[in-house]
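Report on the structure given below.
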Amino acid sequence: MFKIVFFGTSTLSKKCLEQLFYDNDFEICAVVTQPDKINHRNNKIVPSDVKSFCLEKNITFFQPKQSISIKADLEKLKADIGICVSFGQYLHQDIIDLFPNKVINLHPSKLPLLRGGAPLHWTIINGFKKSALSVIQLVKKMDAGPIWKQQDFLVNNDWNTGDLSIYVEEHSPSFLIECTKEILNKKGKWFEQIGEPTFGLNIRKEQEHLDLNQIYKSFLNWVKGLAPKPGGWLSFEGKNIKIFKAKYVSKSNYKHQLGEIVNISRKGINIALKSNEIISIEKIQIPGKRVIEVSEIINGKHPFVVGKCFK
């Protein structure tokens, strides 16, 4: 049985940890996850999915602000390997060097494409038709370590980032376990990343503001890429309206103002982009309200009027 220290925080992390925990070839001797966060709506402390699982299964866990602070604790465990999945914190080289087989990382992109903390968002924003799960070795440089194996998959054109996340969460655990066993049993070899790297860094606040000057394909990719979180927005009458679903309608023969509402129906709110390309907004969130289909509000009270403009 191989001893593992697991580093992770997200829902994806929890799903991978869960399958590792139930695999008879592994012993989870400790888990390292991010400190609890505070929900600013109700001021309550919210543990990560990973911490909740550890409490349920009585697994030893640590929540350091910096991983190096628990070096002595981890060293005592004499684990064979570290496994990192969406940990959300830099791992110091001294921590990586504690493990005979170093620390491996599951990264959901076709490395060296989209190194960084938001590869799923940028896969959709860039309109990629293909992607991959990559198991790599952690090194000092971000997501630049040698690759053990990659598992390619197709990206559905209708997916938003939430849909892609579901796919990754379903397929990552078994792939990670397969690679971990191969690495520990020396059945295979590492290979260096080939090609020019690109980056999928965390989405900045200003990038959440959707750009009406884009062509429709790029605009729709941004809508999908920012959905369901954090949600892209346009300003309307001084309020930020989040847009979670939209589709292309047609190119208009008339000259419209940028962002102008040209039609409102149960099917959606049609607005004009650059070059008079018309898109239909189908799912929105007005500040202080829940996310809803446009069809739900169209017969009731709403602020949208033909001729007025989103910005």
Task: Square roots of 5 times each gyration tensor eigenvalue, C-alpha, the chain, largest first, Å - done: 43, 21, 15
Open item on the list: Between Leu234, Leu114, Leu12, where does the largest GNM mean-square fluctuation fall for the chain, given springs only between Cα atoms within less than 10 Å?
Closed with: Leu234
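Using a ≥ b ≥ c from the Cα gyration tensor of region 178-280 (square roots of the eigenvalues), is it rounded, prolate or oblate, where a/c under 1.5 gives rounded and otherwise the larger of a/b and b/c decides, a/b for prolate? Mind showing how you got there, number by number?
Working: a/c = 3.00, a/b = 2.69, b/c = 1.12.
It is prolate, given that a/c is not under 1.5 and a/b is the larger ratio.
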Open item on the list: With the cut-off at 20 Å, tell me which of the pairs Lys3/Lys65; Lys76/Lys102; Lys255/Lys311 have Cα atoms farther apart than that.
Closed with: Lys3/Lys65
Task: GNM top mover of Asn276, Asn42, Asn24 - the chain, alpha-carbon springs below 10 Å - done: Asn42
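Quick one: in region 2-184, what % of C-alpha pairs are over 29 Å apart? Show your work: numbers first, answer last.
On the way: 3139 of 16653 pairs.
That fraction is 19 percent.
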TODO: Pairs of Cα atoms under 8 Å, at least six residues apart: use those to get the relative contact order of region 197-311, whole percent.
DONE: 25 percent
Task: Cα-Cα over 21 Å, subset of Lys242/Lys308; Lys15/Lys247; Lys110/Lys140 - done: Lys15/Lys247
Open item on the list: Please give me, ordered by residue number, the chymotrypsin sites (Phe, Trp or Tyr not before Pro) of region 196-226 that lie in loop per DSSP and have at most 11 other Cβ atoms within 10 Å.
Closed with: none
TODO: Calculate how steeply helix 161-184 sits against the longest principal axis of the alpha-carbon atoms of the chain, using the helix alpha-carbon long axis, and give the answer as 0 to 90 degrees to the nearest 10.
DONE: 20 degrees
- [ ] Would you list which aspartates and glutamates come within 18 Å of Lys71, measuring only between C-alpha atoms, while excluding same-chain residues fewer than 8 positions from it?
- [x] Asp80, Asp94, Asp97
Task: About the Cα centre, charge dipole magnitude for the chain (Lys/Arg +1, Asp/Glu -1 at Cβ), debye - done: 960 debye
Open item on the list: Against the empirical 2.2 N^0.38 Å scaling, what ratio does the C-alpha Rg of region 1-72 come to?
Closed with: 1.15
Open item on the list: Just to confirm the number: angle between the C-alpha axis of helix 216-225 and the first principal axis of the chain, 0 to 90 degrees, nearest 10?
Closed with: 40 degrees
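So which trypsin sites (Lys or Arg not before Pro) in region 164-231 are both in a DSSP loop and have at most 16 other Cβ atoms within 10 Å of their Cβ? Numbers along the way, then the final one.
Numbers: sites: Lys181, Lys186, Lys187, Lys189, Arg204, Lys205, Lys217, Lys224; in loops: Lys186, Lys187, Lys189, Arg204.
Filter output for region 164-231: Lys186, Lys187, Lys189, Arg204.
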- [ ] Rounded to the nearest 500, what is the 222 nm mean residue ellipticity of the chain from helices alone, with -39500 (n - 2.57) per DSSP H run of 4+ residues and division by all residues?
- [x] -7000 deg cm²/dmol
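Let me know the longest stretch in the chain that avoids all GluC sites (Glu not before Pro) found in a DSSP loop with at most 12 other C-beta atoms within 10 Å. Walk me through the numbers on the way to the answer.
On the way: sites that count: Glu192, Glu237.
Longest gap between qualifying sites, sites excluded: 1-191.
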- [ ] Counting only C-alpha contacts under 8 Å and six or more residues apart, can you give the relative contact order of the chain as a whole percent?
- [x] 13 percent
Open item on the list: Please report the equivalent ellipsoid semi-axes of region 224-282, computed as sqrt(5 x eigenvalue) of the Cα gyration tensor, largest first, in whole Å.
Closed with: 20, 13, 11
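For region 1-92, which trypsin sites (Lys or Arg not before Pro) pass both filters: DSSP loop (anything but H, G, I, E, B) and at most 16 other C-beta atoms within 10 Å? Intermediate results must be reported in sequence, preceding the final value.
Details: sites: Lys3, Lys14, Lys15, Lys37, Arg41, Lys44, Lys51, Lys57, Lys65, Lys71, Lys76, Lys78; in loops: Arg41, Lys65, Lys78.
Those that pass, being in a loop and sparsely packed, are Arg41, Lys65, Lys78.
Since every read-out is calculated from the coordinates, none of them should be taken as a lab result. These figures come from a predicted structure and were not determined experimentally. All Cβ positions, glycine included, derive from the backbone under ideal geometry; neighbour counts span all protein chains shown.
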